[in-house]
Ligand SMILES: [Zn+2]
């Protein structure tokens, strides 16, 4: 049973003071449904990490009812910052299992609480008993990997800094992006240190947002869309939540496994991908993500970005949306944003930088690489 | 934030630097798991990690999470083949990759009840340290 995306929707990403979780979910979800000619879904899967910040759990029922689909099976999927990708994986599996129309919504409202509260909750993606008890922030955990990677592979501060420059260059043209501002390398490498060696411009912003993908079984696709995009593969893989029991600190094994399996299922390789959205919560995450996707050898991605690779016009073009750094990172929604962006690239209607593409990929990473979903899409 | 109950539950393990060793492949497993993540064996024995080792990587966190010091200095140290995370509470100014460290008891944070708590923490052993060797 082949599965296609027959509708997408997303909200602008940002600090959206006037919108709650249900408002965001409705804006993205109803847009995706509208694209199908208002076809009701048979199930709704919600990707979300921290709706507890809004004192709101039980998102499946809340959103199904609020959108006008009371009675429809609906539930939340959580995999930290990888919740959106995980929700796509579950939604895809539901369609493959015989539920013909599934709406996947990723939604996050991180600015509902004061920033210190949100920062503390984001660190809950780490191992509470063996990491968090010692006090690392989420940026701190990623900083441990960044220092190790730079020193092991002889990567300079300038080379790592080029990631943020490219992301802001791309995101500047994305009307949905949270931070639409070009930055130069000097600004990046001289920005305030958050968790040494991670600086402000190595980190993604704290964002609100929602994105939605309407998945349909093959025999429904022609009725619902003139521009379907086919899901060639969805593959999820896990690693230890703690970074301590991993063999290597200079790679994300779950991202490597997830990418390999996605390529195998789709019958393509890294060289076939025209456009990719990778998960750059921090510059180091983006670099490790590019390497996990097979677009660069381990230790080489930052150097290649610094040399001008992966920019618009290159194959693959990476993060034309601006990535997590510029588009933003509404954590449980991010994985769904990525799929929406790649779908729009393949349809040719992405409203920012356009990439002529036949094959696209989206990589969504939860925790410090502990729960990763890779999705491959084709026209 | 952790709690008195959560710290009490693992007090013996934390303070004794307990880890597991796989009887099949010989790897040290830390944090403990119910099977060896490297070979899958469930034939595991408890071991105590050595109290000296070397820093693999570290970070100085200027924007710490609530309940922890500013800055929070965190290192991952190799203790007898296990990678262990801990706060660096002494000698942080001499912290580099490869630095020798020893485990001391350090006041690391506050529990949800508002109590200060102690955990195994790291002291950077410098060449100038006069008291080298006064712990096992
Ligand atoms: Zn073993």
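Under the definition of Cα pairs under 8 Å and six or more residues apart, what whole-number percent is the relative contact order of the stretch B:51-127?
Rounded, it is 30 percent for the stretch B:51-127.
How big is the gap, in Å, between the Cα center of the stretch A:129-184 and the Cα center of the stretch A:19-53?
Between the Cα centres of the stretch A:129-184 and the stretch A:19-53 lies a distance of 30 Å.
If you project the alpha carbons of chain B onto the principal axes, what extent comes out on each, in Å, largest first?
42, 40, 27
If you average the sequence gap of Cα pairs under 8 Å that are 6 or more apart and divide by the length of chain B, what percent do you get for the contact order?
21 percent
Which whole number gives the average, over all residues in A:193-201, of C-beta atoms from other chains lying within 10 Å of the residue C-beta?
So the per-residue partner count for this stretch is 4.
Expressed as an acute angle from 0 to 90° and rounded to the nearest 10, what is the orientation of the C-alpha long axis of helix A:331-347 relative to the principal long axis of chain A?
70 degrees
Calculate, in whole percent, how much of the Cα-Cα pair population of the stretch A:1-73 lies beyond 14 Å.
The proportion of pairs with Cα distances above 14 Å equals 64 percent.
Give the order of A:194, B:74 when sorted by the count of other beta carbons within 10 angstrom, beginning with the fewest.
So the ranking, lowest neighbour count to highest, is A:194, B:74.
Please state, rounded to one decimal and in Å, the Kirkwood hydrodynamic radius that the stretch A:140-288 gives when every pair of distinct Cα atoms enters the mean of 1/r.
This gives a value of 18.0 Å.
Work out the mean other chain Cβ neighbour count within 10 Å for the residues of B:66-79 and drop it here as an integer.
For peptide B:66-79, the averaged partner shielding equals 4.
If you split all Cα-Cα distances of the stretch A:47-168 into 10 Å bins from zero, what percentages do you get per bin, shortest first?
Over the stretch A:47-168, the share of Cα pairs per 10 Å bin runs 11, 29, 30, 21, 9, 1 percent.
If R₀ is 35 angstrom, what is the calculated FRET efficiency for the pair residue A:70 and residue A:223, using the beta carbon separation as r and rounding to 0.05?
After rounding, the FRET efficiency stands at 0.90.
For a paramagnetic label modelled at 7 Å from the Cα of residue A:18 toward its Cβ, which residues of the stretch A:207-244 fall within the zone defined by backbone nitrogen distances under 20 Å?
Once the point is set 7 Å along Cα→Cβ of residue A:18, A:207-211 turn out to lie under 20 Å by backbone N, inside the stretch A:207-244.
Based on alpha-carbon atoms only, what is the radius of gyration of the stretch A:101-147 relative to the globular estimate 2.2 N^0.38 Å?
Its radius of gyration relative to the 2.2 N^0.38 Å reference: 1.48.
Using only the alpha carbons of the stretch B:1-48, what is the convex hull's orientation-averaged projected area in square nanometres?
Taking the Cα atoms of the stretch B:1-48, their convex hull projects to 3.7 nm² on average.
Compute from the Cα atoms of the stretch B:51-127 the Rg and the Dmax, the latter being the longest Cα-Cα distance, and quote both in angstrom.
Answer for the stretch B:51-127, Rg first and Dmax second: 12.2, 40 Å.
Can you tell me the orientation of helix A:253-266 relative to chain A, as the angle in degrees between its alpha-carbon axis and the longest Cα principal axis, to the nearest 10?
Relative to chain A, helix A:253-266 is tipped by roughly 40 degrees.
If we count other beta carbons within 10 Å of each Cβ, what is the order of A:184, A:239, A:274, A:226, fewest first?
If I rank by nearby Cβ atoms, fewest first, I get A:226, A:184, A:274, A:239.
Obtain the radius of gyration and the Kirkwood radius of the protein assembly as shown from its C-alpha atoms and give Rg over Rh.
0.98
For chain B, set up a Gaussian network in which alpha carbons nearer than 10 Å are linked by springs, and say which option among B:54, B:21, B:70 fluctuates the most.
B:70
Counting only DSSP beta bridges with both residues in chain A, what percent are antiparallel, rounded to the nearest 5?
70 percent
Mind checking the mean number of beta-carbon atoms from other chains within 10 Å of the Cβ atoms in B:81-87?
5
Using Cα-Cα distances under 8 Å and only pairs 6 or more residues apart, what relative contact order does the stretch A:29-172 have, in percent? If you can, show how the numbers build up before the last one.
Working: 163 pairs, mean separation 33.6, N = 144.
Across the stretch A:29-172, relative contact order equals 23 percent.
Of A:114, A:316, A:41, which has the largest mean-square fluctuation in a 10 Å C-alpha GNM of chain A?
A:114
Taking other Cβ within 10 Å of each residue's Cβ, how do A:334, A:119 sort, fewest first?
Neighbour counts put them in this order, fewest first: A:119, A:334.
Can you tell me which of A:304, A:59, A:244 moves the most in a GNM of chain A? Springs connect C-alpha atoms under 10 Å apart.
A:244
Throughout, read-outs are computed from the coordinates displayed, never taken from laboratory work. Remember, predicted model here, so these are calculated numbers, not experimental data. No Cβ is skipped: glycine too gets one built from the backbone with ideal geometry, and neighbour counts run over all protein chains shown.
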